[in-house]
Amino acid sequence: MSEIPTVQHWVNGAPAAGTSTRTAPVFNPARGVAEKNVLMASTADVDTVVAAAKAALPAWRDMSIAKRQNIMFNFRELLHKRTPELAAILTNEHGKVLSDAAGEIARGLEVVEYACSMPTLMKGDYSENVSTGVDVYSLKQPVGVVGIISPFNFPAMVPLWFFPLAIAAGNTVVLKPSEKDPSAANFMAQMLKDAGLPDGVFNVVHGDKEAVDALLVNPDVGSISFVGSTPIAKYIYETASAHGKRVQALGGAKNHMLVLPDADLDLAADAAVNAGFGSAGERCMAISVILAVDAVADELIAKISERMATLKTGDGTRGCDMGPLITEVHRDKVSGYIDIAAADGATVVVDGRGIEVDGDADGFWLGPTLLDRVPLSSAAYTDEIFGPVLSIVRVEGYEQGLDIINSSQYGNGTAIFTNDGGAARRFQNEVTVGMIGINVPIPVPVAYHSFGGWKNSAFGDAKAYGPAGIAFFTREKAVTSRWLDPSHGGLNLGFPQNH
Ligand code: NAD
């Protein structure tokens, strides 16, 4: 039997073995075969990586902003040019189809382009003569060593939400990617090196809870950016905050799409299928529940089913629409929700179990599934399924739909489909969700706005990227200065007032 490769850490600009010999298998989910292993760092390994990032910090934060910007421009060019190679890595380890993998990289590239404007984004303010001869100004400085912990579902895009801004702002980075698809992080690390990034500024440490916990408590780590499931996000937020760090912790989701009777039902059906089954539903902004107003529910379901019949599930390298799920365990869990929904009284309109696929029989397959009349009490409704299962919940009208969305523990994304501007305007005002689409199913904000949910979809108040990302990765100083003027002086113990 031939040896399979082991994905190593990336420290100080080169692959590194660390000291821990613990590994985890990395599967190709379309084949159901472990094609690699990945190292699982020990606490000591993480401490070594953090020390490397700390050592690289002084020179990097003091490098001119123009030089840092130039490296970002170089990285942007490389990421653009090497998208097909990176997309192939994503498809191999995650399973998403190649076009979707390229789309993920394109969304990450947007953040790199935004980071290229760092000289403008980091500008401070200046107020002259706030009191006679006294000026006040503010500076933005990097936080220091920043930790990033990312989920399996966007192995390139989610790290790219954070590290370009962190780096361009003068921080040094330790990224802990998902152990399920770790190679994209190393590929991007090599590209950053090729772009001219000094060694030690961007580091990757692979691992699981042990590595994460080591990052959360290391006193040299100034901030934690986390994206993953809600229970872990909450744990990360609480633990890292208790250790004095700045934290942004984005969690899970259950995104509803409300379809009003005056909506364009063809547009709504296209949107539901794209947003429900793209990336096999393994997107935090996937639509997983359609709230269909009764009057149009049957027609909408017919249109969705018609479109689902045309979808091809299979190996992401073969021009299919939808790939496999990430692991066998996850596939079985998602498939189990179909049983749960049926047992709870839902109708299985389209059943993805046992579907014929264009791929290896051992792949982690589950076809697109549509459930109707899913009870709100069913775990198939209340849990985040994170797979290709779209649930229909029928509602009487706008009020009931809004009420259901606002009662959810999650508040990541939502969408309304309608031709009534007044209803859409009310919706954006009344819904308790962080990102809203109006006739747009996956309202992921562009890089110069910020991304983040409400309620149990995000802990802390710091959204990702955009202006919130700049605020997160910088610390402000306010300076009050007076250059000596002989006319000023004397003793005065009162609180200073401006004259
Ligand atoms: P996950 O929470 O299992 O893992 C995320 C990261 O945390 C990984 O790096 C993992 O190694 C680490 N981790 C896992 N268990 C841990 C533990 N007990 N202690 C410390 N660290 C631990 O999430 P996942 O399955 O990789 O990703 C899917 C989840 O991420 C879904 O819930 C999805 O909604 C969510 N997600 C949210 C967003 C968002 O922007 N809100 C974006 C993408 C994904």
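Every number here is computed from the coordinates shown, using simple stated rules; none is lab data. These figures come from a predicted structure and were not determined experimentally. Positions of Cβ are generated from backbone atoms using ideal geometry, with glycine treated the same way; all protein chains shown enter the neighbour counts.
Here are some notes:
- Per-peptide packing, taken as the mean over residues of other Cβ atoms within 10 Å, places 122-133, 144-155, 424-435 in the sequence 144-155, 424-435, 122-133 from highest down.
- Relative contact order for the stretch 318-436, counting Cα pairs under 8 Å that sit 6 or more residues apart, in percent: 21 percent
- For V173, the residues whose amide H sits under 5 Å from its own are V146, F202, N203, ignoring neighbours fewer than 5 places away on the same chain, with H placed 1.01 Å from N.
- Phi angles of the stretch 257-269 translate, via the Karplus equation with coefficients 6.51, -1.76, 1.60 and θ = phi - 60°, into HN-Hα couplings of 10, 8, 10, 8, x, 8, 6, 6, 6, 5, 4, 5, 5 Hz per residue; Gly and Pro are given as x.
- Debye log10 I(q)/I(0) at q = 0.13, 0.19 Å⁻¹ for the stretch 255-438, Cα point scatterers: -0.61, -1.27
- Most to least packed among 166-172, 177-183, 51-57 [average Cβ atoms within 10 Å]: 166-172, 177-183, 51-57
- Inverting the pair-averaged 1/r between distinct Cα atoms of the chain gives 24.0 Å as its Kirkwood hydrodynamic radius.
- Scanning residues 5 or more positions from T23 or on other chains, those with amide H under 5 Å from its amide H are M40, with H placed 1.01 Å from N in the peptide plane.
- Counting charges near A379 (Lys, Arg +1; Asp, Glu -1) among other residues having Cβ under 13 Å from its Cβ returns a value of -2.
- Long-range amide H partners of V440 with built H, under 5 Å: I416
- Length-normalised contact order of the stretch 88-209 in % [C-alpha pairs under 8 Å, at least 6 apart]: 25 percent
- Listed peptides 389-398, 370-379, 343-352 by packing density, highest first (mean Cβ within 10 Å): 389-398, 370-379, 343-352
- Secondary structure note: in the chain, about 40% of the DSSP beta bridges are antiparallel.
- Compactness check for the stretch 218-358: Cα Rg over 2.2 N^0.38 Å is 1.32.
- Furthest towards positive pole of dipole, L175, A156, G200, structure part the stretch 123-210, Cβ charges: A156
- Cα-Cα over 25 Å, subset of K209/K312; K36/K245; K254/K333; K67/K477; K36/K209; K123/K455: K209/K312; K36/K245; K123/K455
- Dividing the convex hull volume of the alpha-carbon atoms in the stretch 9-70 by its residue count gives 119 Å³ per residue.
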